[in-house]
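Asks: Handing you a structure now.
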């Protein structure tokens, strides 16, 4: 069995995509996943499965589309990948609540930073299937424009650390 973390895009943020975490947990269990747990009401799921990452992702996306009536983006990482995302944080000396990780389904394109607009002094670094951002004034007030991250979903380093811990347990 492999421990996985699934991160849902645009769920329970700003009043859009409402999904009770009990419903998400029940969906994951119906997909056959084990030791299913959620973390905060923003679409974070930790579970175990013998299936491959691509199959886990497909099963969750189908269940979520059936529930929501529209596609819901899902980014999946193994426990080891989640730990690695945390370990290579390029901003370890910045406040963790001001460092975001944009999770993507594929590596960011080589030209990902060419259309970057960072009016608040945001710093951006590319990762394996992630984009790291330091938000000096905080995520909530940032006017950052980063088209390469549009299809992803963002979690701050505090959340990444908690999810890595949960997946490791």
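The values are calculated or read from the model by the stated rules, or taken from the named source; none is laboratory data. Fair warning: this is a prediction, and the values are worked out from it, not measured in the lab. A quick note on method: Cβ atoms are made from the backbone with ideal geometry, for glycine too, and the neighbour counts reach across all protein chains shown.
Asks: Wholly within region 117-166, which strands (runs of 3 or more DSSP E) include no fewer than the required count, namely at least 1 residues that are closer than 30 Å to residue 47 by Cβ and without any contact (Cβ under 8 Å) to a residue 40 or more places away in the chain? Walk me through it before giving the result.
Replies: Details: elements: 123-126, 130-134, 153-156.
Counting at least 1 such residues, we get 123-126, 130-134.
Asks: Can you tell me which condition residue 19 does not meet? The list is (1) part of a helix (DSSP H, G or I); (2) at pLDDT below 90, and all the others hold.
Replies: (1)
Asks: Also, I was wondering about something else. Would you be able to say whether some residue in region 11-24 is in contact with a strand residue (DSSP E or B) (Cβ under 6 Å, 6 or more places away or on another chain) and surrounded by fewer than 18 Cβ atoms within 10 Å (Cβ to Cβ)?
Replies: No, region 11-24 has no match at all.
Asks: Oh, and also: From (1) at pLDDT 95 or above; (2) within 24 Å of residue 31 (Cα to Cα), pick out the condition that doesn't hold for residue 168.
Replies: Result: residue 168 passes all but (1).
Asks: Right, here's the next one. Against the condition at pLDDT below 95 and either surrounded by 13 or more Cβ atoms within 10 Å (Cβ to Cβ) or touching a strand residue (DSSP E or B) at 6+ places or on another chain (Cβ under 6 Å) (or both), how does residue 114 come out, does it pass? Before you say what the answer is, go through the steps one by one.
Replies: Details: at pLDDT below 95: yes; either surrounded by 13 or more Cβ atoms within 10 Å (Cβ to Cβ) or touching a strand residue (DSSP E or B) at 6+ places or on another chain (Cβ under 6 Å) (or both): no.
No; evaluated as a whole, the condition is false for this residue.
Asks: If I go through region 74-94 residue by residue, how many of them are assigned to a loop (DSSP other than H, G, I, E, B) and buried (at least 20 other Cβ atoms within 10 Å of the Cβ)? Write out each step before concluding.
Replies: Keep residues of region 74-94 that are assigned to a loop (DSSP other than H, G, I, E, B), which gives 88-94.
Restricting the remaining residues to those that are buried (at least 20 other Cβ atoms within 10 Å of the Cβ) gives 89.
Summing the residues that are assigned to a loop (DSSP other than H, G, I, E, B) and buried (at least 20 other Cβ atoms within 10 Å of the Cβ) in region 74-94 gives 1.
Asks: So in region 43-67, with the set limited to residues that are outside any helix (DSSP H, G or I) and touching a helix residue (DSSP H, G or I) at 6+ places or on another chain (Cβ under 8 Å), which one is nearest to residue 160 (Cα to Cα)? Outline the logic, then answer.
Replies: Going through region 43-67, the residues outside any helix (DSSP H, G or I) turn out to be 43-52.
From what's left, touching a helix residue (DSSP H, G or I) at 6+ places or on another chain (Cβ under 8 Å): 43-47, 49, 51.
Working: 43: 13, 44: 10, 45: 12, 46: 12, 47: 15, 49: 20, 51: 23 Å.
Checking each candidate, the answer is 44.
Asks: As an exercise: evaluate residue 70 against (1) out of contact with any helix residue (DSSP H, G or I) (no Cβ under 8 Å at 6 or more places or on another chain); (2) part of a strand (DSSP E or B) and give the number of the one condition it does not meet.
Replies: For residue 70, the failing item is (2).
Asks: Which of the residues belonging to region 48-63 are crowded, with 17+ Cβ neighbours inside 10 Å and under 14 Å from residue 75 (Cβ atoms)?
Replies: Correct list: 56, 57, 60, 61.
Asks: Take the conditions at negative phi, outside any strand (DSSP E or B) and buried (at least 18 other Cβ atoms within 10 Å of the Cβ) and apply them to residue 101. Does it pass?
Replies: Details: at negative phi: yes; outside any strand (DSSP E or B): no; buried (at least 18 other Cβ atoms within 10 Å of the Cβ): yes.
Spelling it out, it is not the case that residue 101 is at negative phi, outside any strand (DSSP E or B) and buried (at least 18 other Cβ atoms within 10 Å of the Cβ).
Asks: If you don't mind, there's one more thing I want to ask. If you go through region 101-116 one residue at a time, how many are closer than 15 Å to residue 151 by Cβ and free of Cβ contacts under 8 Å to residues at least 60 places away in the same chain? Write out each step before concluding.
Replies: Just the residues of region 101-116 that are closer than 15 Å to residue 151 by Cβ, to begin with: 101-109, 112, 115.
Okay, now just the ones that are also free of Cβ contacts under 8 Å to residues at least 60 places away in the same chain, so 101-102, 104-109, 112, 115.
Result for region 101-116: 10.
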